[in-house]
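Bear in mind these aren't lab numbers, they're just calculated from the coordinates by the rules spelled out. Nothing here was measured: the structure is a model prediction, and the numbers come from that model. Cβ coordinates were reconstructed from backbone atoms using ideal geometry, including for glycine residues, and neighbour counts include every protein chain displayed.
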Amino acid sequence: MAHDEDDDQQARDETQETQVLHTAAGAGAGVAGAGADVAARRDQAVLAAVERGVVGSAAPVVGLLDVVGIRASAAALRAAFDAVTPPGTPVLHAFAVKATPLVPVLRLLRSAGIGAEVASPGELALARAAGIPPADTVLDSPAKTPAELREALALGIAVNADNPQELARVDALMQSAATGSPVGIRVNPQIGGGAIGALSTATATSKFGVPLLDEGAREWVVRACLDRPWLTRLHAHSGSQGMPLEMMVRGVAATYELAEEINERAGRRQIDTIDIGGGLPVNFGSDDETPTHAQYARRLKARVPGLLDGRYGIVTEFGRSLLAKHGTVLARVEYAKRAGGRPIAVTHAGVQVATRTVYAPASWPLRIAAYDPKGRPKSGPAVGQDVAGPACFAGDLLAENRPLPLLEAGDYVAALDTGAYYFAQHYSYNSLARPAVWGFSADPSRTGEVRFAVVREPQTLDEIVAEAGGSAERDALRQL
């Protein structure tokens, strides 16, 4: 078994990752290495956003996406697996669209050589609108309808069947229509859960995939493949936020061992591709990206060398680890008040943009950075204070008793690491409007040079009314 400095560093990374699930560090302190560039670009972007009116009284909350950072993460992901596979090995990195379902983001990733993993008709429509080819698209979902399966197979999109009943539907479709789609089975290695139960996809009772340790299940998968020469893939997604890397590797190893068994019993290389899913955890404690895709790839190479020796094609489905560090929710402080002796900054960012943080703050703490009314990093003694959102319930807090420079009306707060699963998935509590999302390009070596582009326009009041059934012709209830 290989052992090097990467393994030692990875052990330290896993310890840190577990700790930061429960503690949100103050922003900007101790940033080093690549994280320093991330912070510098963010500070440039906030300053420019305030100066140019991207954020302000007329637009009191916006999302910002660091295009330079996204491109760098995509390149690093590709390089990580290129470094551990022989030249010519088929490797598809399919971005988990659910993490940031925005068409311009998908287009940016496509230009960086990244495909799409979709889990609904809506996500497939987004991927197609972004121009992602069917050959670079993977459909995963535990509840695919016959129509969804039929469309995917007609387009040539890779499909992973979740369970025996779904495979029976695929059987019928394969008999009635020609398709170039690769088809596989999703398996659940049942390796256990991580620190966040709701995100643990490989537990004994997970709703996802065929549970390999259940009685008769493994043999069913083997026999299903032997009876269907067109079943050429296995898929497992064992990890997510809060999952130690070693457990993720165990899930991949179990899937690889199953592929080897199927191929041995088939007497040929029937399973030619293994989809290892995504789920690389993100460090929410600083601007540094830890663990890295390179560390994960090297660990897979050390623990499951046969997976990466060129005999198998590889599919990955990373989402959060590609985008989280490159997004910021920036909000204006509308009022500053006190209650029970504690300062409270009332902002325009709350449950509507940070739903997980508001409802599960222990699992999803966010770092908060403070900026003055001109968009400059705010200084001053750290004072414990609440950072509150605009929604009408008491728990609508981005941070509670967080030490920050004392916030005042007109200041700005930035919720960091929010590029995935935050502003892209709006929660319409109080009919709060979806904020605009802007991409930015900044160069820390060239002060003030920041370019912005609209990713998503802000939601209008007319759109809120229409979404709530307010069209003039819709008067059905009064006619009943």
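For the chain, the longest principal axis of the alpha carbon atoms and the long axis of helix 67-82 meet at an angle near 20°. The antiparallel fraction among DSSP beta bridges confined to the chain stands at about 50%.
Val383 label point, 7 Å along Cα→Cβ, cut-off 19 Å on backbone N: hits in the stretch 320-339? Backbone N within reach: 332-339. Scanning the chain for trypsin sites (Lys or Arg not before Pro) in DSSP loops with at most 16 other Cβ atoms within 10 Å, what's the longest stretch left with none? It works out to 53-206. Let's test the formula: R0 of 35 Å, r as the Cβ-Cβ distance of Glu408 and Ser445. What FRET efficiency results, to the nearest 0.05? That pair, Glu408 with Ser445, gives E of 0.60. All Cα-Cα distances of the chain, cut into 20 Å bins from zero to the largest, leave 23, 52, 23, 2 percent in each bin in turn.
Based on Cα contacts under 8 Å between residues 6+ apart, the chain shows a relative contact order of 20 percent.
A full extension of the chain between Ala36 and Ser471 corresponds to an added length of 151.7 nm, given 0.36 nm per residue minus the alpha carbon distance.
Dividing the convex hull volume of the alpha carbon atoms of the stretch 229-301 by its residue count gives 81 Å³ per residue. Multiplying the residue separation of Trp220 and Arg311 by 0.36 nm and subtracting their alpha-carbon distance yields 30.3 nm. Fully extending the segment from Ala453 to Arg268 would add 61.5 nm, taking 0.36 nm per residue of separation and subtracting the current Cα-Cα distance. For Arg228 and Ala135, the FRET efficiency from 1/(1 + (r/R0)^6), where r spans their Cβ atoms and R0 equals 35 Å, is about 0.95.
Go through Gly285, Ala266, Leu124 and say which Cα lies farthest out towards the positive end of the charge dipole of the stretch 67-321; charges sit on Cβ, +1 for Lys and Arg, -1 for Asp and Glu. Toward the positive end, the furthest listed residue is Leu124. If you take all other residues with their beta carbon under 12 Å from the beta carbon of Ile157, and give Lys and Arg +1 and Asp and Glu -1, the sum is -3.
Report summary: the helix-based calculation at 222 nm, which adds -39500 (n - 2.57) for every DSSP H run with n ≥ 4 and divides by the residues of the chain, gives -9500 deg cm²/dmol.
Relative to the dominant Cα principal axis of the chain, helix 245-266 is inclined by about 20°. Placing one equal scatterer on every Cα of the stretch 63-160 and applying the Debye formula, the log10 ratio I(q)/I(0) at q = 0.11, 0.13, 0.22 Å⁻¹ is -0.34, -0.47, -1.11.
Summing Cβ point charges (Lys, Arg +1; Asp, Glu -1) relative to the Cα centre of the stretch 67-321 gives a dipole of roughly 340 debye.
Work out the P(r) tail for the stretch 67-321: percent of alpha carbon pairs separated by more than 28 Å, whole number. Value for the stretch 67-321: 28 percent of Cα pairs lie more than 28 Å apart. Normalising the Debye intensity of the stretch 125-168 to I(0), with uniform scatterers on Cα atoms only, and taking log10 at q = 0.18, 0.28 Å⁻¹ returns -0.51, -1.07. Neighbours of Asp171 by Cβ distance under 12 Å: Lys/Arg scored +1, Asp/Glu scored -1, total 0. Take the Cα of Asp82, step 7 Å along the line toward its Cβ, and report every residue of the stretch 279-309 whose backbone nitrogen sits under 14 Å from that point. Only 294 pass the distance filter. So what is the relative contact order of the stretch 210-266, in percent, for Cα pairs below 8 Å that sit 6 or more residues apart? Relative contact order of the stretch 210-266: 32 percent. In plain terms, the residue of Thr290, Thr418 with the fewest other Cβ atoms within 10 Å comes first and the most crowded comes last, giving Thr290, Thr418. Simple spin-label estimate for Asp171 and Glu463 gives 4.6 nm between the two label positions (7 Å along the Cα-to-Cβ direction from each Cα).
Within the shell of other residues whose beta carbon sits under 15 angstrom from the beta carbon of Val346, the net charge comes to -1, with Lys and Arg scored +1 and Asp and Glu -1. As an exercise, use a Förster radius of 41 Å and the Cβ-Cβ distance of Arg342 and Glu151 to find the FRET efficiency, rounded to the nearest 0.05. The value I calculate is 0.15.
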